[in-house]
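Comments concern the structure below.
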Amino acid sequence: MSKYLMSFMLGGLYYSESLLLLELHHQTKNWDDVYSIALEKNTLQNRVLSTAKRVLKEIINRLKTLTDKELVLLENGSSSEQKYLLWLSICRRYAFIHDFAVEVIRERYLTLKYDLPIEEYESFYNAKEQWHEELEKITDGSRYKQRTVVYKMLREADIIDSNQLILPAILSDDLITVISEHNPDDLMIFPISDIDLKRQYNE
């Protein structure tokens with residue numbers, strides 16, 4: 001079983017920052033160049049160099065998980081499509097968050113349990129510890145920071161609201177198409193039923 005990558009310790013969805021770097025990528029077609037240019041020009045307006053490097057690497061590593069067609073939609077789509085694609089990039093980058101989205105958030109939505117209390121995250125984490133020894137090595141402080149970041153991502157991606165209630169995903173035809181062309185199973189990271197998914201796509 002592959003290890004979970006658990007380096008999501010800062011930030012959130014990085015919505016505006018991702019779009020800025022995507023614009024640079026549209027010009028350069030090379031993520032290494034994007035990193036160099038953004039660092040040199042301080043595109044993300046970070047005051048501390050080490051923070052700038054970390055944030056740039058984090059965002060670029062996420063965006064690298066998206067296909068060319070998904071990047072085009074991210075650049076030209078609606079804000080809703082953009083947020084969902086950034087959530088997708090997070091789930092592809094971090095298998096732990098992907099599994100939480102599928103095994104907890106979507107399952108709760110399907111069973112009409114629309115709240116997402118902190119206890120659900122903790123129960124999921126504890127269950128995964130039995131199979132992923134890397135989780136056991138994480139300090140309580142880091143674990144708290146990770147949970148805080150995950151819930152911030154969820155709010156900013158409109159997966160949950162400010163009261164930690166799960167919001168039904170409204171996926172556009174274009175979004176469903178570009179995701180399905182790469183991997184239809186990726187649609188499972190969104191709180192939506194199979195019936196609603198087919199209904200949305202056929203409308």
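What FRET efficiency comes out for the pair residue 170/residue 143, r = Cβ-Cβ distance, R0 = 30 Å, nearest 0.05?
Values: r = 32 Å, r/R0 = 1.08.
After rounding to 0.05, the efficiency reads 0.40.
With a/c under 1.5 counting as rounded, go ahead and sort the range 94-202 into rounded, prolate or oblate using the C-alpha gyration tensor (a ≥ b ≥ c being the square roots of the eigenvalues; past the cut-off, prolate if a/b is larger than b/c, else oblate).
Working: a/c = 2.16, a/b = 1.73, b/c = 1.25.
Prolate shape, in that a/c is at least 1.5 and a/b is the bigger ratio.
Using the beta-carbon distance between residue 112 and residue 28 and R0 = 30 Å, what value does 1/(1 + (r/R0)^6) give for FRET efficiency, to the nearest 0.05? Write down the numbers at each step before the final one.
Numbers: r = 47 Å, r/R0 = 1.56.
Efficiency at R0 = 30 Å is approximately 0.05.
Specify whether the C-alpha gyration tensor of the range 55-147 places it in the rounded, prolate or oblate class, a ≥ b ≥ c being the square roots of the eigenvalues: rounded for a/c under 1.5, otherwise prolate if a/b is larger than b/c and oblate if not.
Values: a/c = 2.42, a/b = 1.45, b/c = 1.67.
Judged from the Cα gyration tensor, the range 55-147 comes out oblate (a/c at least 1.5, b/c at or above a/b).
Just check the chain against the gyration tensor rule for me: Cα atoms, a ≥ b ≥ c as the square roots of the eigenvalues, rounded for a/c under 1.5, and otherwise prolate or oblate depending on whether a/b exceeds b/c. Walk me through the intermediate numbers first.
On the way: a/c = 1.87, a/b = 1.14, b/c = 1.64.
Oblate is the answer for the chain, as a/c is 1.5 or above yet b/c matches or exceeds a/b.
Please give the peptides 83-90, 43-50 ranked by average Cβ packing (other Cβ atoms within 10 Å per residue), highest first, as a rough proxy for protection. Spell out each step's value before the answer.
Numbers: 83-90: 23.6, 43-50: 11.8.
The most tightly packed comes first, giving 83-90, 43-50.
What's the FRET efficiency of residue 128 with residue 39 using the Cβ-Cβ distance as r and R₀ = 35 Å, to the nearest 0.05? Kindly include the intermediate steps, with their values, before the conclusion.
Numbers: r = 35 Å, r/R0 = 0.99.
For residue 128 and residue 39, the calculated efficiency is 0.50.
Size of the dipole of the range 94-202 about the Cα centre, Lys and Arg at +1 and Asp and Glu at -1 on the beta carbon, nothing else charged, in debye to 20? Write out the running numbers ahead of the final one.
On the way: 12 positive and 22 negative charges, 53 e Å.
Around 260 debye, computed over the range 94-202.
If the chain between residue 183 and residue 68 were fully stretched, how many nm would it gain, using 0.36 nm times the residue separation less the Cα-Cα distance? Present the calculation step by step, with values, prior to reporting the outcome.
Values: separation 115, 0.36 × 115 = 41.40 nm, distance 1.37 nm.
That pair, residue 183 and residue 68, stretches by 40.0 nm at full extension.
Read the figures in this text as sums done on the coordinates, not as results from a lab. Everything numeric here is computed off the predicted structure, so don't read it as measured data. Glycine also receives a Cβ, built like all others from the backbone with ideal geometry; neighbour counts cover every protein chain displayed.
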